[in-house]
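Everything on this sheet refers to the single structure shown next.
The values are calculated or read from the model by the stated rules, or taken from the named source; none is laboratory data. From a predicted model like this one, the values you see are computed outputs, not experimental measurements. With ideal geometry, Cβ positions are generated from the backbone for all residues, glycine too; neighbour counts draw on all protein chains shown.
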Amino acid sequence: MTSLEIKQGAGVLQPNAVQERRQAAARRKRWFYLVLMGVALLAPLAVYPVFLMKLLCFALFACAFNLLLGYAGLLSFGHAAFLASGGYVTGYLLSTYSGLGTELGILAGTLASTALGLVFGLLAIRRQGIYFAMITLALAQLVFFIFVQAPFTGGENGLQGVPRGHLFGVFDLNNNLTLYYVVLAVFVFGFAVIQRTIHSPYGQVLKAIRENEPRAISLGYNVEAHKLLAFVISAALTGLAGATKTVVFQLASLTDAHWHMSGEVILMTLLGGVGTVFGPLVGAGIVVTLQSYLSNGPLGEWVHVILGLIFVICVLLFRVGIVGWVLKLARRNF
């Protein structure tokens, strides 16, 4: 064989090898998702369902925030406003209108957060960096004080005793096990929307904007429109998490609207790994687990101090987050 024939043969084999590696990676990914789904379906048999539902709600909240920070490069300090808006609207409608289906209440809360996200985005999206973050924080604090004063929110007492009702008039959500699988379905839906978004051509444009916004502008992309859409999608999924959380705990409170909640979701995302698919899930799991178990023990008053120490350690030792560090280690050794 001549050297030209050998080069041509190598050129044919190389694309095939790359394609085979991609197919193998896709198969491993499918198996990984199937295993995770199996664990999620069996989890209520070993763990208290209400705790699992809380974890899923906050995991969806963190994933929605990660879409904005990790893939669009926008740091929002006001995401608690969307979580609380979804919860308050859902809680008010389900408490006031007894014949309203739970699914319609959750949908109404999600739409309310979507509309609020559009307003926030139109006001803040023209700014960048710390200015964007401060505008979102100021708007969120405005929403917080509205919830404090508004008559339908119950003020500092919040909306208590929100009825869970029936899903589609058939499934009794007062059963924790039934409600868990509904919450799991909501989380899977939200996670699938985020996955589809970040792996779509639109998601690739978002990454390009995050890496080099001037270059994206020079290529002809409408940067502000892309960032606004990402902001609205993130707000909608956050509202969905808040509405679902209100149904689970039958409570909508000011805690969800406080700026501390915006700080917690930032902690979850950074702890797990910004810009990674599973980072927010890991971060949310760690934070929610620590809060739940430490708050009932002798270290209850030190929960925030402990979380702060964990955050400092993570920043110093795992700057890409826990999942980011694991992925980096895997690429280096395998």
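A few comments on the model shown:
- If the condition is being assigned to a helix (DSSP H, G or I), in contact (Cβ under 8 Å) with a residue 40 or more places away in the chain and either under 15 Å from G239 (Cβ atoms) or among the aliphatic types (A, V, I, L, M) (or both), then the stretch 83-104 contributes L83, A84, S85, G86, G87, Y88, V89, T90, G91, Y92, L94, E103.
- Of the residues S295, S218, S262, S234, the single one that is in contact with a helix residue (DSSP H, G or I) (Cβ under 7 Å, 6 or more places away or on another chain) and either without any contact (Cβ under 8 Å) to a residue 40 or more places away in the chain or on the phi > 0 side of the Ramachandran plot (or both) is S295.
- Selection status of F147, within 20 Å of the chain's Cα centre (by Cα), part of a helix (DSSP H, G or I) and either at pLDDT 90 or above or among the charged types (D, E, K, R) (or both): no
- Scanning the stretch 73-101 for residues that are over 28 Å from Y293 (Cα atoms) and surrounded by fewer than 24 Cβ atoms within 10 Å (Cβ to Cβ) returns G73, L75, Y92, L93, S95, T96, Y97, S98, G99, L100, G101.
- Entirely in the stretch 156-234, the helices (runs of 4 or more DSSP H) that have 1 or more residues that are in contact with a strand residue (DSSP E or B) (Cβ under 9 Å, 6 or more places away or on another chain): 176-198
- Qualifying residues in the stretch 276-334 (those that are among the charged types (D, E, K, R) and over 24 Å from V50 (Cα atoms)) - the one farthest from the chain's Cα centre (by Cα): R332
- Flag for T289 being of a type in the set (S, T, N, Q), under 30 Å from M134 (Cβ atoms), surrounded by fewer than 23 Cβ atoms within 10 Å (Cβ to Cβ) and at pLDDT 85 or above: no
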